[in-house]
Amino acid sequence: MAMTTPVQDSSDHSATEGARFTDLLWERTADLRALIDDMEFLRRLGDGTLPLDVFRHYIEQDSLYLAEYTKALALLATKSPDPQTAAFWATSAATAAVVETQLHGELLAGGSLPESTQAPEHSPACLGYVSYLTATASTEPYPVGAAAVLPCFWIYAVVGRRLAATAHEVLAADPSHPYAQWVTTYDDPAFQESVESARRLVDAAADAATAEQREAMIRAFVIATRYEFMFWDTSLNQQSWPAS
């Protein structure tokens, strides 16, 4: 997504007049997002060639991630500047805890994916990501926490929309394919609207933030985007913990 107006200095908020702060965040992560766009994991998910055991590993990790991500969203709700903002983050936490977790459970128990021989354990990337988000949401000012959780909304939405387009033949051949179910969730209009709502809240947070906080918001968004890349990358190129 291109910026509507160039931003010369993010510490001078007046320089962003006519542009959204979230456009700046998107621009600052252009190189990272290009890496995400080119990922083998997402390409093979889109064309239906991703091995089922790899997809199961991803879903297991995503389930572990969501359990902690909901805590970060709930923490944001407690720090929100007004009841309407608090309601959005709290509702998002509830949706992740109920709707998305249910989808993951159905995928794992539906018989279409190979059985796992071990109980899932957080991968290094997954644990690092959720630990960063909960720590940021609990210890940093509200605007920084809001910026940190935004990539999970926004990048997933963009990826899901793109996968829905590239996976057309897979969906046409087998609408019940487990990959199709995942794509449908993140390309759903309601989810896309929740992304726009999250962007508006982060823009509003930036409007009320200090210059120092806005710089911290940029750093948080970049770090979370790095974790987005790592999370998907290690689904295909799995990393093991050192032996205990």
*asked:* Any residue that is assigned to a helix (DSSP H, G or I), among the hydroxyl-bearing types (S, T, Y) and open to solvent by 50 Å² or more (accessible area, probe 1.4 Å) - is there at least one of those in the range 52-71?
replied: no
Taking the range 121-162 and keeping only residues that are over 14 Å from the mean Cα position of the chain (by Cα) and basic (K, R), one is left with R162
*Within the bounds of the range 172-183, is there any residue that is under 21 Å from P124 (Cα atoms), part of a helix (DSSP H, G or I), polar (S, T, N, Q) and at pLDDT below 95?*
no
Selection from the range 117-151 of residues part of a helix (DSSP H, G or I), under 25 Å from E40 (Cβ atoms), in contact with a Leu (Cβ under 8 Å, 6 or more places away or on another chain) and open to solvent by 10 Å² or more (accessible area, probe 1.4 Å) yields none
Scanning the range 17-51 for residues that are without any contact (Cβ under 8 Å) to a residue 40 or more places away in the chain, among the aliphatic types (A, V, I, L, M) and either in a helix (DSSP H, G or I) or open to solvent by less than 10 Å² (accessible area, probe 1.4 Å) (or both) gives A30, A34
_With the structure loaded, tell me whether D207 is surrounded by fewer than 17 Cβ atoms within 10 Å (Cβ to Cβ), within 16 Å of D23 (Cβ to Cβ) and in contact with a helix residue (DSSP H, G or I) (Cβ under 8 Å, 6 or more places away or on another chain) or whether it fails that test._
yes
Scanning the range 163-179 for residues that are under 20 Å from D53 (Cα atoms) and surrounded by 15 or more Cβ atoms within 10 Å (Cβ to Cβ), the one nearest to the chain's Cα centre (by Cα) turns out to be L163
Of (1) in contact with a helix residue (DSSP H, G or I) (Cβ under 6 Å, 6 or more places away or on another chain); (2) touching a residue at least 40 places away in the same chain (Cβ under 8 Å); (3) in a helix (DSSP H, G or I), A164 fails just (2)
Scanning the range 20-43 residue by residue, those farther than 22 Å from V54 by Cβ and β-branched (V, I, T) turn out to be T22, T29
TODO: State whether the residues of the range 215-229 include one that is over 22 Å from I36 (Cβ atoms), assigned to a helix (DSSP H, G or I) and modelled with pLDDT of 95 or more.
DONE: yes
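The values are calculated or read from the model by the stated rules, or taken from the named source; none is laboratory data. Values in this document were obtained by computation on a predicted structure and should not be read as measured data. When we count neighbours, we look across all protein chains shown, and the Cβ atoms used for this are built from the backbone with ideal geometry, even at glycine. For accessibility, only protein heavy atoms count, side chains too; no ligands or nucleic acids. Shrake-Rupley method; radii C 1.70, N 1.55, O 1.52, S 1.80 Å.
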